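Since the structure comes first, as structure tokens, the remarks are kept for the end.
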Amino acid sequence: MAVVALLAFGMAALAARPYTRTLARWMAVVGELAFVPPLNVGAAELVTDRGVARLLPRPAAAVWARDAAVVARRFRWAGRIVWPVAAVAVFALARAGDDASVRGWVATLVGLALAAQTAAVIALGRVERGGRRWLDRSVGLGQGHRWLGRYALGIGLMSWLVVPLAITWGLSVPGASGWSWLLGAGGLAGIGAAASLALAGR
């Protein structure tokens, strides 16, 4: 029995070598499947039939759901910075929207927050670069679908900040409209999605 046990351990060690060599390459990708909370609470499923995802083509909705899960796991701060910045900006504009200096530092603060969220979207490409695009191609996710899904993710992140800001800006700043904030966020999200895909490669 001792001889059999020693032989078994030796054969197991030899058999594990090929998998050990590939572990560094694949473990980071497989780790994205270990979502929190655990699967048994029913909240870890990638949702593609509710909210923004219902407005997208099905392949783009799958990209959006996957990217949103990765952002929530790796770049949680991109969502957490929204409410403090939005609260400060809305309060300041409501109190002194006619003051040019107040508008200046509010625009700077919001611009920095939007830049940070764009950086999170672009960083998805860096995370993605460590994996392989064969999985996307195998299920029919082309560049257009990937861009649209990532663009929707960027818009979703920014809208929680930009929409209340645009409404308050239009109501509090004399002779101004909040549409420029909405258009600016849309353009920034598009640029961020394109840069993210360029960083990810094909």
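No value in this document is a laboratory result; all are computed from the given coordinates. Only a predicted model underlies this, so the values are computations on that prediction, with no experimental measurement involved. For neighbour counting, all protein chains shown are included, and Cβ atoms are generated from backbone atoms with ideal geometry for every residue, glycine included.
Between SER101 and ALA72, what FRET efficiency comes out of the Förster formula 1/(1 + (r/R0)^6) with R0 = 30 Å and r the beta carbon distance, rounded to 0.05? The value I calculate is 0.25.
A crude spin-label estimate for the pair ALA16 and ALA119, with each label 7 Å from Cα along the Cβ direction, gives 4.0 nm. Please give the residues of the stretch 77-120, grouped as numeric ranges, whose backbone N is less than 13 Å from a label point set 7 Å along the Cα-to-Cβ vector of VAL163. From the stretch 77-120, the list is empty.
What net charge is computed for the residues neighbouring SER172, neighbours being all others with C-beta under 15 Å from the C-beta of SER172, Lys and Arg scored +1, Asp and Glu -1?
Working: positive: ARG95, ARG103; negative: ASP98, ASP99.
Result for the neighbourhood of SER172: 0.
Relative to the present Cα-Cα distance, how much length would full extension add between LEU183 and ALA94 at 0.36 nm per residue of separation?
Working: separation 89, 0.36 × 89 = 32.04 nm, distance 2.18 nm.
Separation in residues times 0.36 nm, less the Cα-Cα distance, equals 29.9 nm.
Once you reduce the stretch 97-125 and the stretch 180-196 to the center of their Cα atoms, the two points are 12 Å from each other.
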